[in-house]
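Taking it in order: structure first as structure tokens, then the write-up.
The values are calculated or read from the model by the stated rules, or taken from the named source; none is laboratory data. This is a predicted model, so every value here is computed, not measured. Neighbour counts run over all protein chains shown; Cβ positions are idealised from the backbone, glycine included.
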Amino acid sequence: MARQRILRTLGVFRPTFRNISQNLKDVDLVLVEEYFERLLLDYDRVFTSMAIPACLWRRTGEIYRGNKEFAALINVNLEELRDVLFCFASSSNFRAALQSTS
């Protein structure tokens, strides 16, 4: 039920988001990448100071950062979430975690 509500809400934004993202120029993509890198630095402090599951990912499903609580929640080693790409779309652990919360 909760998963369906989330998917329904995302369905409202998805067409507009796709439209905008398809019309981005190279300079826009560079600026987005710079912003994402700055965001990573800001969230490093947040991830270490809060004892709740947290992660930062791209719209493609690639996880760039996650804290130890998030790693424990999805049953993944913390090292897999640090400074490496981890794609949850292909992870059986993530699918199982999603199913257990819905």
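How many residues does segment 1-22 hold that are touching a helix residue (DSSP H, G or I) at 6+ places or on another chain (Cβ under 8 Å) and exposed (fewer than 11 other Cβ atoms within 10 Å of the Cβ)?
So the answer is 1.
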> Does any residue of segment 59-66 turn out to be polar (S, T, N, Q) and modelled with pLDDT under 80?
Replying inline: yes
> Is it true that Ala96 is modelled with pLDDT under 80 and within 25 Å of Leu7 (Cβ to Cβ)?
Replying inline: yes
> Which members of segment 23-51 meet the condition of being closer than 14 Å to Glu69 by Cα and surrounded by 10 or more Cβ atoms within 10 Å (Cβ to Cβ)?
Replying inline: Asp44, Val46, Phe47, Thr48, Met50
